[in-house]
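> Handing you this structure, nothing more for now.
The values are calculated or read from the model by the stated rules, or taken from the named source; none is laboratory data. This structure is a prediction, so every number in the text was calculated from the model and none was measured. As a convention, Cβ positions derive from the backbone with ideal geometry for all residues, glycine included, and neighbour counts pool all protein chains shown.
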There are 2 protein chains.
Amino acid sequence: MQPDRITPLIPLLKNSVFDLLILNPGPGMLYLTGLHFHLMERPTLLLVALGGKTAMILPELEKSKVLGQLPGLACYTYGDNPASWQGAINDAFQHFCPKANAIGVESMRMRHLELNYIQGALPLAIVQSADLLLNTLRIRKDAAEVALMRQAVAIAEGAFLKTITSIQPGMTERAIASELTINMLRLGSDAELPFPPIVAAGPNSADPHAVPTESPIQAGDLIVIDWGAAYQGYFSDLTRTVAVGKLDPELYTIYEAVLNANEAGRSAAKPGIPAGDVDRAGRKIIAAAGYGQFFTHRMGHGLGMEAHEEPYIYGENEQLLIPGNVFTVEPGIYLPGKGGVRIEDNVLITESGAESLSTMTRELITIPCP
Amino acid sequence: MQPDRITPLIPLLKNSVFDLLILNPGPGMLYLTGLHFHLMERPTLLLVALGGKTAMILPELEKSKVLGQLPGLACYTYGDNPASWQGAINDAFQHFCPKANAIGVESMRMRHLELNYIQGALPLAIVQSADLLLNTLRIRKDAAEVALMRQAVAIAEGAFLKTITSIQPGMTERAIASELTINMLRLGSDAELPFPPIVAAGPNSADPHAVPTESPIQAGDLIVIDWGAAYQGYFSDLTRTVAVGKLDPELYTIYEAVLNANEAGRSAAKPGIPAGDVDRAGRKIIAAAGYGQFFTHRMGHGLGMEAHEEPYIYGENEQLLIPGNVFTVEPGIYLPGKGGVRIEDNVLITESGAESLSTMTRELITIPCP
């Protein structure tokens, strides 16, 4: 059952510069309506006018799907020939909101394609990012959303624990990533993961955004595994780093520093403090261990229907944390040519402090080498 | 080894209205450079100027990945604080192409987010779709690309044949979709599928874009299964419809009509004819069988690094087919409340005719009911 998320939007819209929101397929549309579409070549637009009146412009083919979920929604449709689309879109705007002149969009989803059609239909309208307005709602997860995220975390943790029992020297990064994906699907993850798992071993683990390769893991490697599951459109995003056999002593040192930084970041998190405090709390530990220059990214990012969303956890961010925020805490140290460590949890801000939704062990797991 | 795709672009760019192409993460960037990035909140831009000079604007964090693949590429980078991004992007444009005034973008990828930064850096420049220019290259698959697509088809076919041996009444649509995904991964599909499999049984099969549900399949159902694999970034996209036990006689009739329409569409395909001819060839068969109004979508769409790309196969499309085009042929009949049939193949236009890359049986497969 889709909760009513248009009503809470009405006062925000009224107090904004916008007289019309236009959302294309993505998290905003899903959040407000429960409708899930892929971004394709055919424009699919949700319109929300002042007062909360809504309508959709979409391919005729998709109308029955929309009306199946939202029986009363006004639908303006068009056929297969792209030459007819601008005319159909013009007619829809003419009928629904001919005087709209300040349009808000999701800046990370709205494309040149749709912007062109919108400009064709409403040539005098100004289009601006409505991210702040939409994030005001989405940044505060309600109990139902948190329950879905707990499930996404549980699926990810279960899949990881199953996968590491099958890892052995000689297995490729890609094969480990595939097994992890398979285990998430078997445990009930949505098919659309937040991102394909990263499995990066040995020197490759020193690249924070490495892509799994065909290279086999071997004794002495650290393996950074960064993965997440999806449950009813909500994501988890975790990282653990495991050892293959005995490591170079410095790699144990950096593991310990990252573990302490993760703990410090999670402990610092609470309502009312700037997001940047969480970053600084962990970064301080890594700097004190002498590895400050090798922690090359921010401490974390918000998480929900998107793999990266507000609040972003970087030193300069003075945005205050509030109950219902969910974000990653993911310090790392990356020694070029040698290896890297990252330990990532998903943290919920509560009324009185914070709770890590992920609770799986953070101690170093060593895969035995025969 | 990434082929040189900048050199063939140079004369096209010279003859275009553009003096600069700007691509964000997506198929265009992957095609031209081999670089794969996810679309995230941090702008990542490939610039291609007249004469073929290239550069990237990207997060500092990603620089080593880019230089690992393209050692000589000019990189302009920025840090974690979004407040610094516009300045860094302005400096990059100022250094690389201060006089650019006609910018081409991929309209299905370029977002309001990046457009805003571009406009901030080059306020007088005009931004237009460069889709026609880029599609001139991408629409003609070379032998190496076709080889990757054959592999994507082989993975998809193998996974389907394995999956159907495990289907039995009572299994849910979602469970079948998961098994199919798992089998594609095991057979070597990339983790990022072109789209999550559609498995739609019974009345749900009458919705061409159904999403798999928790409802169990049962005797008398048709199951439409629409899925594709990915291999080194290239996609397959197939559909087969299977029966569970004995069907209502009309469902056999529509199966036969769709099968004949698929055959007619594939047979019509050859170089030099309008794309619309392929649509008409199949649509005629379905109309003659009395089901014209229930074939509610176009005959197909191009396929490659995107699940939908040029050439689009709809009646009004007068674009001439050329060797190297790859597209789907996917007629369907959808009887609301009753069930649907779709049979989809991936067809390559050759010098002398056409070849279906997918060769798996199209005859109706019946899952036995105890």
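> Would a scan of the stretch B:33-50 turn up a residue that is loosely packed, with under 14 Cβ neighbours inside 10 Å and over 28 Å from B:Thr136 (Cβ atoms)?
No: zero hits.
> Please specify each residue of the stretch B:194-220 satisfying the condition of being farther than 24 Å from A:Val66 by Cβ and either within 12 Å of another protein chain (Cβ to nearest Cβ) or crowded, with 22+ Cβ neighbours inside 10 Å (or both).
Correct list: B:Ile217 only.
> Now, a different point. Which of the numbered conditions does A:Glu256 fail, given that it passes all the others? Conditions: (1) surrounded by 19 or more Cβ atoms within 10 Å (Cβ to Cβ); (2) among the acidic types (Asp, Glu); (3) out of contact with any Gly (no Cβ under 9 Å at 6 or more places or on another chain).
(1)
> Restricting the search to the stretch B:63-91, which residues are touching a Pro at 6+ places or on another chain (Cβ under 9 Å) and away from chain A (no Cβ under 14 Å)?
Listed by number, the list holds a single entry, B:Ile89.
> Does the stretch B:176-189 contain any residue that is assigned to a helix (DSSP H, G or I), of a type in the set (Lys, Arg) and either away from every other protein chain (no Cβ under 13 Å) or touching an Asp or Glu at 6+ places or on another chain (Cβ under 8 Å) (or both)?
For the stretch B:176-189, residues assigned to a helix (DSSP H, G or I), of a type in the set (Lys, Arg) and either away from every other protein chain (no Cβ under 13 Å) or touching an Asp or Glu at 6+ places or on another chain (Cβ under 8 Å) (or both): absent.
> Moving on. Of all residues in the stretch B:14-32, count the ones that are outside any helix (DSSP H, G or I) and either surrounded by 23 or more Cβ atoms within 10 Å (Cβ to Cβ) or not hydroxyl-bearing (Ser, Thr, Tyr) (or both).
Counting residues in the stretch B:14-32 that are outside any helix (DSSP H, G or I) and either surrounded by 23 or more Cβ atoms within 10 Å (Cβ to Cβ) or not hydroxyl-bearing (Ser, Thr, Tyr) (or both) gives 11.
> Another question, if that's okay. Within the stretch A:120-131, which residues are assigned to a helix (DSSP H, G or I) and loosely packed, with under 14 Cβ neighbours inside 10 Å?
Matches in the stretch A:120-131: none.
> Consider A:Asp80 against the criteria (1) under 24 Å from A:His36 (Cβ atoms); (2) in a helix (DSSP H, G or I): it satisfies all of them except one. Which criterion is unmet?
The number of the failed condition is (2).
> Going through the stretch B:288-342 one residue at a time, which ones are out of contact with any Phe, Trp or Tyr (no Cβ under 9 Å at 6 or more places or on another chain), closer than 26 Å to B:Pro203 by Cβ, more than 13 Å from chain A (Cβ to nearest Cβ) and crowded, with 23+ Cβ neighbours inside 10 Å?
B:Thr328, B:Val329, B:Gly339
> For B:Gln119, indicate whether it is farther than 24 Å from B:Glu310 by Cα and not assigned by TED's automatic domain parsing to the domain that holds B:Gly324.
It is true that B:Gln119 is farther than 24 Å from B:Glu310 by Cα and not assigned by TED's automatic domain parsing to the domain that holds B:Gly324.
> Next up: Condition check: within 22 Å of A:Tyr312 (Cα to Cα), among the basic types (Lys, Arg) and in a loop (DSSP other than H, G, I, E, B). Does B:Arg5 satisfy that?
Criteria not met by B:Arg5.
> Let me ask something else about it. Filter the stretch A:266-283 down to the residues that are part of a helix (DSSP H, G or I) and basic (Lys, Arg) and list them by number.
A:Arg266, A:Arg280, A:Arg283
> Which one of these is under 20 Å from B:Met1 (Cα atoms) and of a type outside the set (Phe, Trp, Tyr): B:Ala83, B:Ala92, B:Ala55?
One residue alone meets the criteria, B:Ala55.
> Determine, yes or no, whether A:Ala152 is closer than 30 Å to A:Glu363 by Cβ and in contact with a Phe, Trp or Tyr (Cβ under 7 Å, 6 or more places away or on another chain).
yes
> If you check B:Ser189, B:Ser129, B:Ser178, which single one turns out to be within 23 Å of the chain's Cα centre (by Cα), within 21 Å of A:Arg111 (Cα to Cα) and among the hydroxyl-bearing types (Ser, Thr, Tyr)?
When all the criteria are applied, what remains is B:Ser129.
> A follow-up question, please. Select from the stretch B:172-193 the residues that are of a type outside the set (Asp, Glu) and closer than 20 Å to B:Val341 by Cα and write down the one among them that is surrounded by the fewest Cβ atoms within 10 Å (Cβ to Cβ).
Among them, the one singled out is B:Thr172.
> Here is a follow-up. Are there any pairs, at least 6 apart or on different chains, whose C-beta atoms fall under 7 Å, with the first in the stretch B:92-110 and away from every other protein chain (no Cβ under 14 Å) and the second charged (D, E, K, R), and if so, which?
Going by the 7 Å Cβ cut-off, the qualifying pairs are B:Ala100/B:Asp19; B:Asn101/B:Asp19; B:Ala102/B:Asp19.
> Additional query: From the set of residues in the stretch B:132-150 that are surrounded by fewer than 16 Cβ atoms within 10 Å (Cβ to Cβ) and outside any helix (DSSP H, G or I), which is farthest from the other protein chains (Cβ to nearest Cβ)?
B:Asp142
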